[in-house]
Amino acid sequence: MIAGRVASLSLVLASLVAGCGRDEAKTERVAERPATLPSDVTRALRDVARAAAARRVQAIPETALAHHDPRVRRAATRALSLLADPAATTLLERRLHDEDPEVVAWALHGLGLLSPGRESETVLAVASRLGSLSIAEAEPLPRLEPSLADAAAFALGRAGTAAAEETLRALLAPGSAPRAAARALARLSSRSRRLDDRTTVALLEAAARNPPVDEALAPFAYLEAPSATVATRLLDVARAAVGRGGPARTIALRALAGAGAPAVPVVAAVLTDEKASTPDRAVAAKTLGKLGDPGQDALATAIGTLAVGAKTGDERTFLAAFAPLAAALGAMTPPLRVGQDALVALTELDPARSKNPAVQRRIVALRCGAAVALAGTASRSSRLVSCDPDPKGRAGALAALEVLDRGDLTRARFETWTAFTESADVAVRRRALSLVARHPEMPSVTPLLERALSAKEPGIVVEAARALAAVPRQASGKGPPDADAPPQANEPVPSIVEALGKALDAERPPDQIEPRLALARAAATLSVLSLKPRVEALCRDERDAIRRGAEAALRAFGTPTATCPPPPTPKLAEPVTAPSEPVSVTFVTDAGRLGLTLDPKLAPLAVLRLAELSRAGFFDHQTIGRTVPGFVVQLGDPVGDGYSGSGRPPVPTETAPARAGAFTVGLALSGRDTGSSQFFVTLSDDPSIDQDYPLVGYADPDWSNAAEGDVIEKVEIGAGGSGTQRP
């Protein structure tokens, strides 16, 4: 963790002067600060940076929190906020009364992070301060900028109580913070799947006013079926938003999932509109998939139209049209009522028609996507088996596993599944193992899980541990499940206990956090007391994420008051060079060039990590590991199992009171302080992820045409910004 602390010491100092005092943002080295800043400010910022690196509330100087210069107060409050330590609560509440709006924004963000377990207190603190705050929203909001309105709404949304919802509903009023409130309500509805009827009415009124609050439709994407009256009104308002285009269209398309069958023509028209953006068309496909039989029929019709272009278009047209068609195939739900002919035609596309690997890869993906839709539960369907010309290809194997997942994994289907667990492709193997937790009817696979626990790939270990925690019977070595068996019949066999112990003892790179936590959870779920000392050892780890996971596991072992206190404050190192200007990065893939800009305003540690890895050639020859059309592209996993990273210490989490928005670049996390090398590009605006991830930059729209398996041939680095401007 020392490397991370070295970076933290310099970067928190440099970035917070750059991010908050914009006029002071041009120098590169901490050593150069005395020439541009008053000496007392320089000393205070250095003290805050050292304290932030120590990651202890007690290390943050109280003099910095009350410093006359707002840049120092911002840095100190940000440091407190990102610790997410309950000991910082009182200090953050005091910062709510600061005269500087950005200090208040960071304090609100921190209180939002700390709201679980003290929801009522958070709402009271925020609501009592709102009366004297000026939180009118800037329009348009600058990208990657802290926002007081969003910070306040985030804190309320994280609390999620009835009082929080009531306060957010009040903020929907004109002249208040309706956009921020709507985004927070989207976050709330994405978790609870419901909102008060008064809130839904207020949201529809905000979406219909002049000028409209486009984000007010966002919560409807997550709500359970609304009443007929609400659905009718939603259709009218969302139809108008779709017609306006821009970011409003994407949000409205998601919301139309709640409008029922009458929304199908509106949504289908976007899917088949070649002038619509790729993300909008992909979102339209997903929405149709949620609209029951009418939506499925519309998807089938649209696929017939889109397939014509896939068969006859040139390579450039084909690459651009791939994502909407892939999204439409992914939204199909068997059994199919219509459209089989179009799907059959897609399974017959010839990869050999092109010598371009990117085109060939997409053709195979379409063949297999169509075969999955046609197969239903028939895992040995001839079109499914032959969809990938490579008998050992990833696309064909993942397609077969998707079909296997639709039915019981017993008898012949179980044998087919077993073969995939031995695949040489780690992504296939991991996906196959993930089905164990989803299929408790499966016969015993204890020996297979023992082998998986000793795998070198972290994703394989994670899936094996999750399977044991989800289906404890699989640790017992027993045969098919017996509903009448007593609990002690699931006692783990010695070989599983030994495998878990060795896996817990195994040396792993410092950024492989999830395997350790998954193993600890499995040991606790299985009540293997002999492994408890190993979990207690994790409790003494210097990484906060591991200590928190170990604490949860120890409580599951039967120690409800178990706590994992932080280790002694580490010795700090001297500052190093920190980025102060945006850096352009271009990923040259076999499917085209994908540009983005890394901007250190909000997450300097993460930006430094990604810039260093890019310059070192870390991403060269990797493949894009995950794409969700219309939502996200993710890469930075060199092993390809979803859990590997750079091997360096994880980057301390740097979330911020700012919106994500479309084509924002963020550092991927699997919990606090777990970021390493994997990052993502959002393809559309999804308010439900606001303030959950470090925001490291912005990307070009071409990322919406990326596909899983695209090969990064090289990475080009340049100075200055390159990516798209946020609308």
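The values are calculated or read from the model by the stated rules, or taken from the named source; none is laboratory data. Bear in mind that the values here come from a model prediction, so they are computed numbers and not experimental data. Backbone-built Cβ (ideal geometry, glycine too); neighbour counts: all protein chains shown. Side chains included, ligands, DNA and RNA excluded: accessible areas come from the protein's heavy atoms. Shrake-Rupley method; radii C 1.70, N 1.55, O 1.52, S 1.80 Å.
The packing ranking, built from the mean of other Cβ atoms within 10 Å per residue, places the peptides 609-621, 150-162, 296-308 in the order 150-162, 296-308, 609-621, highest first. Placing unit charges on the Cβ atoms of the charged side chains and taking the dipole of the chain about its Cα centre, the candidate lying farthest along the positive direction among 410, 53, 288 is 410. Between residue 454 and residue 406, the modelled label-to-label distance comes to 3.8 nm, taking each label 7 Å out from Cα in the direction of the beta carbon. Accessible area of the chain with a 1.4 Å probe: how many percent of it is carbon plus sulfur? Carbon and sulfur atoms account for 53 percent of the accessible area of the chain.
Computed packing ranks the peptides 688-696, 352-360 as 688-696, 352-360, most packed first, by mean other Cβ atoms within 10 Å. The lysines whose alpha-carbon is closer than 19 Å to the alpha-carbon of residue 532, local same-chain residues fewer than 8 away aside, are 502. Please list, or write none, the aspartates and glutamates whose alpha carbon is within less than 14 Å of the alpha carbon of residue 290, excluding same-chain residues fewer than 8 places away. The reachable aspartates and glutamates, counting only those whose Cα sits under 14 Å from residue 290, are 224.
Each helix, a run of at least 4 DSSP H residues, gives -39500 (n - 2.57); summed and divided by the residues of the chain, these come to -15000 deg cm²/dmol at 222 nm. Using the 1.4 Å probe convention, the accessible area of the chain works out to 39 Å² per residue with neighbouring protein chains retained. Heavy-atom accessible surface of residue 445, to the nearest 10 Å², is about 10 Å², with a 1.4 Å probe and all protein chains retained. Rounded to the nearest 20, the Cβ-based charge dipole of the stretch 513-664 about its Cα centre (Lys and Arg +1, Asp and Glu -1) stands at 460 debye. Which of the listed residues, 261, 242, 226, is farthest toward the dipole's positive end in the stretch 183-268, when Lys, Arg count +1 and Asp, Glu count -1 at the beta-carbon? In the stretch 183-268, that residue is 242. Rounded to the nearest 0.05, the FRET efficiency derived from the C-beta distance between residue 377 and residue 228 at R0 = 35 Å is 0.50.
Of all lysines in the structure, those lying under 30 Å Cα to Cα from residue 355, and not within fewer than 8 positions of it along the same chain, are 275, 311, 392, 714. Each Lys and Arg contributes +1 and each Asp and Glu -1, all at the Cβ; summed about the Cα centre of the chain, the dipole is approximately 500 debye.
Across the stretch 541-546, coupling constants 3J(HN,Hα) worked out from phi with the 6.51/-1.76/1.60 Karplus curve, θ = phi - 60°, read 5, 6, 8, 4, 4, 6 Hz, and Gly and Pro carry x.
Among 513-520, 533-540, sorting by the average number of other beta carbon atoms lying within 10 angstrom of each residue, highest first, gives 513-520, 533-540. Alpha-carbon geometry of the stretch 320-460: the Rg and the Dmax are 15.8, 47 Å, given in that order.
Farthest towards the positive end of the charge dipole of the stretch 507-630, among the residues 588, 531, 602, is the Cα of 531, using unit charges on the Cβ of Lys, Arg, Asp and Glu. Across the chain, the relative contact order, built from alpha-carbon pairs under 8 Å that are at least six residues apart, equals 13 percent.
Each principal axis of the Cα atoms in the chain has its own extent, and those three values, largest first, are 75, 66, 51 angstrom.
What is the Cα centroid distance between the stretch 279-352 and the stretch 578-631, reported in whole angstrom? Spelled out, the Cα-based centre of one part sits 31 Å from the other.
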